Structures are given as C-alpha cells and as structure tokens.
Amino acid sequence: MKTSHSPARRRKKKKVLHSAKGYWGDRSKQYRRAVETVRRALAYAYRDRRVKKREFRSLWITRINAAARAEGLSYRELMHVLKKKNVLLSRDMLAKIAAEQPDAFQQLVQQVTQ
C-alpha cells in the first residue's frame, strides 16, 4: 500500500479536519469521517441558503395576512388593491410595518381601500 506524505496531502487533510472542528467524536478526528460530514454540511448549507429565502417570504405573508384580516381584508385582497393603486412596497417592508407599527399599517390600508 502506497501512502502519500506530501505537503499537499497534509494541507488537504488539515483543511478538512479544521473545517470539522467542533464535530462530535470521530467526525472531528478521523479524516474519512470528517470528509463525509464536511461534504454533507456544505451540501446542507448550499440548500438551506435557498430554503431560508422561501421561509422568510412565507413568514412575511403570514404576518401581512394577520394584519390585513384585522382590517377586514384577506392577504389576497390587500395585495390586489396595493398593486392596483401602484403601491410599491415589498412584502418584507409590509410585514415589518404590520408588526412594528400597526397604526401606520392601518392608515395604509385605509388609504388604498378608499
């Protein structure tokens, strides 16, 4: 069996083991286990950067819907009216206004529904 002790191989292993620092048990100490775990962690990180965007949009919609229903509208009706009146507020900003400044949200809804 030929083993490689070249500086490049050592650097590669150190890089992986450094990335696996903090993992439990052999996952942070054995190269093969560390490679498996780091590879999976990177895949999850890539996937979840996209999932995060979906989850936040869903949260914003839920918050806007709750605030809109308090004003007697559904989310769908509110978004339709806002689009018709050419109000260019993102769901992020609408959700923030609805959660932090309910009076301002109420005034906005009254303005666009008149």
- So is ARG91 within 23 Å of GLN114 (Cα to Cα), touching a Lys or Arg at 6+ places or on another chain (Cβ under 7 Å) and of a type in the set (D, E, K, R) or not? yes
- So which helices (runs of 4 or more DSSP H) stay within segment 3-104 end to end and still have 3 or more residues that are of a type outside the set (A, V, I, L, M) and under 26 Å from the mean Cα position of the chain (by Cα)? 31-70, 75-84, 91-100
- Message: Between VAL51, VAL35, VAL16, VAL81, which is closer than 16 Å to PHE105 by Cα, at pLDDT 90 or above and β-branched (Val, Ile, Thr)?
- Response: VAL81
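Is it the case that ALA45 is within 30 Å of GLN114 (Cβ to Cβ), surrounded by fewer than 15 Cβ atoms within 10 Å (Cβ to Cβ) and either hydrophobic (A, V, I, L, M, F, W, C) or at pLDDT below 95 (or both)?
On the way: within 30 Å of GLN114 (Cβ to Cβ): no; surrounded by fewer than 15 Cβ atoms within 10 Å (Cβ to Cβ): yes; either hydrophobic (A, V, I, L, M, F, W, C) or at pLDDT below 95 (or both): yes.
So ALA45 fails the test.
Could you say which residue among LYS84, LYS21, LYS14, LYS52 is within 24 Å of THR113 (Cα to Cα) and charged (D, E, K, R)? Talk me through it step by step, then tell me what you get.
Working: LYS21 fails: within 24 Å of THR113 (Cα to Cα); LYS14 fails: within 24 Å of THR113 (Cα to Cα); LYS52 fails: within 24 Å of THR113 (Cα to Cα).
After applying the criteria, what remains is LYS84.
The values are calculated or read from the model by the stated rules, or taken from the named source; none is laboratory data. Note that the structure is a prediction, hence the values are computed from the model and not measured. Glycine gets a Cβ as well: all are built from the backbone with ideal geometry, and neighbour counts include every protein chain shown.
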